[in-house]
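Peer 1: Sharing a structure here in structure tokens format.
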Amino acid sequence: QLRLAESGGGLVQAGGSLRLSCDASGRTFSSYTMGWFRQAPGKEREFVATIRWSAGTTYYADSVKGRFTISRDNAKNTVYLQMNSLKPEDTAVYYCAAHRNPHSSVGVKGVADFGSWGQGTQVTVSS
């Protein structure tokens, strides 16, 4: 497992931008598919975006396509989530996660597919 720590959350007005960072501890970071999930009050944790361990293939929830971008820097053991054109409905605690198995190419959108989680960072978007 990887140890993960998110940062970059905060309060922003609708239409604004934030960039979240996730620092990972572990020599095998580059072998893991990484993802971002979020959880709003009273709702289940939901998929936001993932980036595969190989070739940099990305996946996005329909609700964030065109607004959010996931990326990674394997040399720094860091994954990012750039969030633009933020909406009040984006308000949630955002979590960074690593897939349960290294070199995995399937099961990249479900909460149960990920085994390592950060502590979360709060993102609040005001109207």
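Peer 1: May I ask you to derive the relative contact order of the chain, considering only C-alpha pairs under 8 Å and at least 6 residues apart, and to give it as an integer percent? It would help to have the intermediate numbers written out before the result.
Peer 2: On the way: 322 pairs, mean separation 46.7, N = 127.
For the chain, the relative contact order is 37 percent.
Peer 1: Calculate one ³J(HN,Hα) per residue across the range 51-65 by plugging θ = phi - 60° into the Karplus curve 6.51 cos²θ - 1.76 cosθ + 1.60, and present them in order as whole Hz with x for glycine and proline.
Peer 2: 3J(HN,Hα) across the range 51-65, in whole Hz: 9, 5, 5, 10, 6, x, 4, 10, 9, 9, 5, 4, 5, 10, 4.
Peer 1: Work out the FRET efficiency for Thr124 and Ala55 from their Cβ-Cβ distance, taking R0 = 30 Å, and round it to the nearest 0.05.
Peer 2: 0.30
Peer 1: Another one. Residues with amide H under 5 Å of Gly107's amide H, sequence separation 5 or more or different chain, H placed in the peptide plane at 1.01 Å from N; which?
Peer 2: none
Peer 1: Next question. Please sort 111-120, 47-56 by packing, taking for each peptide the average over its residues of neighbouring beta carbons within 10 angstrom, highest first. Before the final figure, lay out each step's value.
Peer 2: Values: 111-120: 16.3, 47-56: 18.9.
Ranking, from highest mean packing down: 47-56, 111-120.
Peer 1: Further, regarding this structure: Per-residue HN-Hα couplings for the range 15-22, Karplus 6.51 cos²θ - 1.76 cosθ + 1.60 at θ = phi - 60°, whole Hz, x for Gly and Pro?
Peer 2: Using θ = phi - 60°, the values come out as x, x, 9, 9, 10, 8, 10, 9 Hz.
Peer 1: Can you list the HN-Hα couplings for the range 110-127, worked out from phi with the Karplus curve (6.51, -1.76, 1.60; θ = phi - 60°), rounded to whole Hz and with x for Gly and Pro?
Peer 2: In residue order, the calculated couplings are x, 4, 5, 7, 10, x, 10, 10, x, 7, x, 9, 7, 10, 10, 10, 9, 7 Hz.
Peer 1: Taking 1 over the mean of 1/r across every pair of different Cα atoms in the chain, what Kirkwood radius in Å do you get?
Peer 2: It works out to 14.3 Å.
Peer 1: Find out how many positive minus negative residues lie around Ile51, taking Lys and Arg as positive, Asp and Glu as negative, among other residues whose Cβ is under 13 Å from that of Ile51. Each step should come with its number before you reach the end.
Peer 2: On the way: positive: Arg52, Arg72, Lys109; negative: Asp73.
Its environment carries a net charge of +2.
Peer 1: Calculate, for the chain, the solvent-accessible area per residue in square angstrom, rolling a 1.4 angstrom probe over the heavy atoms of the protein chains. Before the final figure, lay out the partial values.
Peer 2: Values: 6380 Å² over 127 residues.
Accessible area per residue: 50 Å².
Peer 1: Subtract the Cα-Cα distance of Asn84 and Arg100 from 0.36 nm times their separation in residues, and report this length gain in nm to one decimal. Kindly include the intermediate steps, with their values, before the conclusion.
Peer 2: Working: separation 16, 0.36 × 16 = 5.76 nm, distance 2.90 nm.
Extra length from Asn84 to Arg100 when fully extended: 2.9 nm.
The values are calculated or read from the model by the stated rules, or taken from the named source; none is laboratory data. On a predicted model such as this, the values are computed, not experimentally measured, just so you know. In this analysis, Cβ positions are derived from the backbone assuming ideal geometry, glycine residues included, and neighbour counts consider all displayed protein chains. With ligands, DNA and RNA removed, areas are computed over all heavy atoms of the protein, side chains included. Shrake-Rupley method; radii C 1.70, N 1.55, O 1.52, S 1.80 Å.
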